[in-house]
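Beneath this line is the structure, given in structure tokens, with notes to follow.
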Amino acid sequence: MAQNYAYLDQYGILHLHNQQEAAKHGKHVATNLQADDSGYPVVDGEGVVYYSQENAAYIRGNRKDGERVATPAVIKQLADQLK
């Protein structure tokens, strides 16, 4: 399992990428979470779009068209490390 790195983009959205890509965005932390094709963390088989400023998580889309779910603890922990 390859290690990914989490970072918050300029809008506070959590992304995962390899170290080189994450480093371009400043502060980042290592994680064992896998990323979907769009660079969002995968939890329980679903890509999760997480908005840190709202503490809001969505699956099968984003806040415009996705389903809001309870924020997985692992996502909240990552985001807290990045603030």
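The values are calculated or read from the model by the stated rules, or taken from the named source; none is laboratory data. Not measured: the values here are computed from a predicted model. Glycine gets a Cβ as well: all are built from the backbone with ideal geometry, and neighbour counts include every protein chain shown. Just the protein is used for accessible areas: all its heavy atoms, side chains included, with ligands, DNA and RNA removed. Shrake-Rupley method; radii C 1.70, N 1.55, O 1.52, S 1.80 Å.
Before moving on, here are some points about what is shown:
- Exclusive hit being modelled with pLDDT under 95 and not hydroxyl-bearing (Ser, Thr, Tyr), set 24, 64: 24
- Scan of the range 24-61 for residues that are in a strand (DSSP E or B) and in contact with an Asp or Glu (Cβ under 6 Å, 6 or more places away or on another chain), ordered by number: 42, 47, 59
- If you go through the range 36-53 and keep only what is touching a residue at least 24 places away in the same chain (Cβ under 8 Å) and either in contact with a strand residue (DSSP E or B) (Cβ under 7 Å, 6 or more places away or on another chain) or open to solvent by 30 Å² or more (accessible area, probe 1.4 Å) (or both), you end up with 39, 40, 41, 44, 48, 49, 50, 51, 52, 53.
- Scanning the range 3-20 for residues that are without any contact (Cβ under 8 Å) to a residue 24 or more places away in the chain and farther than 19 Å from residue 51 by Cβ yields 18, 19, 20.
- Across the range 1-35, the qualifying residues are those that are open to solvent by less than 50 Å² (accessible area, probe 1.4 Å), over 8 Å from the mean Cα position of the chain (by Cα) and not hydrophobic (A, V, I, L, M, F, W, C), and the one among them that is nearest to residue 56 (Cα to Cα) is 12.
- For residue 63, the conditions (1) farther than 20 Å from residue 2 by Cα; (2) open to solvent by less than 40 Å² (accessible area, probe 1.4 Å) are fulfilled apart from (2).
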